[in-house]
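Accompanying notes for the structure given below.
The values are calculated or read from the model by the stated rules, or taken from the named source; none is laboratory data. Please read these numbers as outputs of a predicted model, since none were measured by experiment. All Cβ positions, even for glycine, are placed from backbone atoms using ideal geometry, and neighbour counts span all protein chains on display.
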Amino acid sequence: MSVTGLKFEESRRGLMERLFEAPAIGKMSPAAKFVVYGFLLFWTIFVLFPIYWVVITAFKSAQVVNEGPYYIPFVDFSPTLDGWRAQFATDPFCDLAAVGRQLGLYVYNSVAFILSPFVAIAPMEPQICKVFLAYTNSFVISIGSTTLCMIIGSMAAYALARIQYKPKFGNIFMFVLLALGAIVATNYAGLHWAASGAIGLALFFLLARAFGKHFDAQLGNGDILFWIISQRILPPIVVIFPIYMMFQAVGLIDTHLALILVYAVANLPIVVWLMHDFFASLPIELEESAQLDGATRFGIFWDIVLPLTRPGLAAITLLTLILNWNEYILAVFLSLSKAQTMPIMVAAKNAGERGILWWEMCAIIVVMIIPVIIMAIFLQRFIAKGVLLGAVKG
Amino acid sequence: MTLINPKVPVTFDKIQKSFGAVRVLEELNLAVEPGEFLVLLGASGSGKTTALRILSGLETATSGSVMIGDREVTHVLPKYRDISMVFQSYALYPHKTVAENIGYPLKVRGVAKADAEVQIKDAAAQVQLGDLLHRYPRELSGGQRQRVALARAIVRRPSVFLMDEPLSNLDAKLRGHMRAELKHMQNTLGTTTIYVTHDQIEAMTLARRVAILEKGILQQLATPAEIYNNPANLFVAQFIGSPPMNVVHGQLDGAVFHSNGAKVDVPVSGKVAKAILGVRPEDCTVVSPAKGNVAAEIYTVELIGDHTLVTVKSGSDMVTVKAPKDFNGKTGEKIGVLLTKDRLFVFDAATGERVR
């Protein structure tokens, strides 16, 4: 075999090589470019079309919707504001003043709720049109639950990333048994719940101190993390009945607090799981250095760790906000009228006597997706990379 | 501005450390004198960093106690130990400017802003960072980052400095420069400094005393000169010196070392069946075959610059000889090697201990 047969020669590049050979590693060949961009273009249209459809439907009249698909406003059909008028112009109190009043009502009713064990203050009744009520509710509930969830979740994730927990299996088992005992004592022996709870806890601490060191089997942080994420495996519908009954017993049905708490708990696993990775990837020397410099653990968390995980925090906050904003199933069960959120408003347009009011539904959907887009643009600034640059190494 | 720094001693008393079943430190006893620059030298896994971290409080000892000054700090939180540490990775806070980085220890102590500013400027000036105070770590070069870490360590005038391989991320030229600055700075401040490194040059040049650790055991604690000229055992002898000490296996019989038929007079006497002769490259000379103690042939010749390294082969043993820079010899040439008698070390091959 001649040696020349082993060499590549550029002058002999055929059409196939020209099409399929990438000019450099990290670049695409012409054929690959065509395929990739072609597919991306198709996918973009595929994804954006429903949004386009919602927006134009919001400006269609009942007749236009029923007559069949019209695609282009001003050409196929002439846009109307029917869908919008039905929402915003027929009800009274559909103005900014009503929204302001409603926000004041939240504060007033919250104070009334907190003071309810001491003074009876009658809660205010909302005076606002249905869409604006649902809109303000959605804002208050999703922002409230996201804030709560991020605070608890990120602190829990940090603790799990940095502190080695070794709970004894036996202690956990003991705790569950004593909790069951306390429940039985409260319900069947007529003991006051505070008393049985206190006795159960006291017994637990005494027994854990006495026998804890004899237990060998113990769990680690990995087990705790998995336990936390496993809470998300069950579909929410499974737990909704116990939650409903619990909230009914304490009078929280159709309140904002109920939804804020349930949403926060439902999203906690996601926040803990995702934030844990961000915290664990921080170089630990930074925290050790801060510790030697004299910072407290909370100081380190606030001053060093949180600023460095800002991209993660922003991304997960956005994710949680959107999940809360769009949540439907839990809201259906836990809110009746006063705490109704936007997704329920949308779904309600499906249940009228006149069939599905597509044009009204789409008007609400347009209003509903605007804040999500604004939030995404706002938080996207923080989801930048490279905050850790310069931290370690030369 | 000069401040008289408190000069405090540091004592490790029977410090043991295990990670699970792995023993990292075996009863470390070490007394660091007030104001001393002590270098903990060892290969990776020797326990030197663990010892430093136990002193800093980032790690707790399995048993034993640590004293800083006359205070026992074994179970004291790091921030109450009055120490500062420079990490190998510098551990600068990337979201804070140079000034904020240097001032962080002051900030968490609640030092007033005006006072802090003066001290930050003072510390920055000491490491020649004065005009970079408003930059972020990502805008600095490796050497500048190193200086920020140093400034952050000196700004609050701790009673002990801890340094964990602070120069190992710098390139060779900068490392030499920073080494000199570090030594000068420690000299000026007079603060007790404990410096961990695996680099023998750093240890020899910086330290007043060097503590050599291996497998969690302190091998020798002495001045650099003492360690070089009078190594306690084979490990120390081979660890220190570049190129390393030559070793030849053989037997010690009386005051004569036998190896492959060659006989060498040594300054010690005894009877060791398996002995090791150690000789530094600069204590050997290449001579004509008739004049040397050992007959050999040249294996390779390397010109370093100010000297030439000649590796010669005698039987199965290789010996490196430090020769003048104008040395002229060819591979395979028969030569003799002359050993300086009173610069020879004999070790027991079984224990590694020096035969004295």
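Annotations for the structure displayed:
- So B:GLN146, is it within 26 Å of B:ARG81 (Cβ to Cβ), within 20 Å of the chain's Cα centre (by Cα), facing chain A (nearest Cβ under 10 Å) and not charged (D, E, K, R): yes
- Of all the residues in the stretch A:254-279, those that are surrounded by 19 or more Cβ atoms within 10 Å (Cβ to Cβ) and not in a helix (DSSP H, G or I) number 1.
- Residue that is surrounded by the fewest Cβ atoms within 10 Å (Cβ to Cβ), among those in the stretch B:314-328 that are closer than 13 Å to B:ARG280 by Cβ and not polar (S, T, N, Q): B:LYS322
- Residue pairs meeting the criteria (Cβ under 7 Å; at least 6 apart or on separate chains; first without any contact (Cβ under 8 Å) to a residue 40 or more places away in the chain, in the stretch A:108-124; second of a type outside the set (Ser, Thr, Tyr) and outside any loop (DSSP other than H, G, I, E, B)): A:ILE121/A:ALA112; A:ILE121/A:LEU115; A:PRO123/A:ASN109; A:PRO123/A:ALA112; A:MET124/A:LEU105; A:MET124/A:ASN109
- Count of the stretch A:285-299 residues which are under 10 Å from A:ARG162 (Cβ atoms) and surrounded by fewer than 17 Cβ atoms within 10 Å (Cβ to Cβ): 1
- Residue under evaluation A:ILE56, criteria (1) more than 21 Å from A:GLY83 (Cβ to Cβ); (2) surrounded by 11 or more Cβ atoms within 10 Å (Cβ to Cβ), criterion not met: (1)
- Any chance B:LEU174 is surrounded by fewer than 22 Cβ atoms within 10 Å (Cβ to Cβ), within 11 Å of chain A (Cβ to nearest Cβ) and either aromatic (Phe, Trp, Tyr) or farther than 30 Å from B:PRO9 by Cβ (or both): yes
- Where a residue in the stretch A:194-205 is modelled with pLDDT under 95 and its partner, wherever it lies, is assigned to a helix (DSSP H, G or I) and polar (S, T, N, Q), with Cβ under 7 Å and at least six apart: A:SER196/A:THR186
- Among the residues making up the stretch B:190-205, those that are outside any helix (DSSP H, G or I) and closer than 14 Å to B:MET163 by Cβ are B:THR191, B:THR192, B:THR193, B:ILE194, B:TYR195, B:VAL196, B:THR197, B:HIS198, B:ASP199.
- Highlighted here are the helices (runs of 4 or more DSSP H) found entirely within the stretch A:283-394 that include at least 2 residues which are modelled with pLDDT under 90, farther than 28 Å from B:VAL111 by Cα and away from every other protein chain (no Cβ under 14 Å): A:310-326, A:342-348, A:358-380.
- Index of the failed condition, B:ARG109 passing every other in (1) more than 31 Å from the chain's Cα centre (by Cα); (2) at the interface with another protein chain (Cβ under 7 Å from one of its Cβ atoms); (3) surrounded by 20 or more Cβ atoms within 10 Å (Cβ to Cβ): (3)
- Residue check, A:ILE228 aliphatic (A, V, I, L, M), touching a helix residue (DSSP H, G or I) at 6+ places or on another chain (Cβ under 7 Å) and surrounded by fewer than 19 Cβ atoms within 10 Å (Cβ to Cβ): no
- Of the criteria (1) touching a Leu at 6+ places or on another chain (Cβ under 7 Å); (2) of a type outside the set (Asp, Glu); (3) surrounded by fewer than 16 Cβ atoms within 10 Å (Cβ to Cβ), which one A:GLN102 fails: (3)
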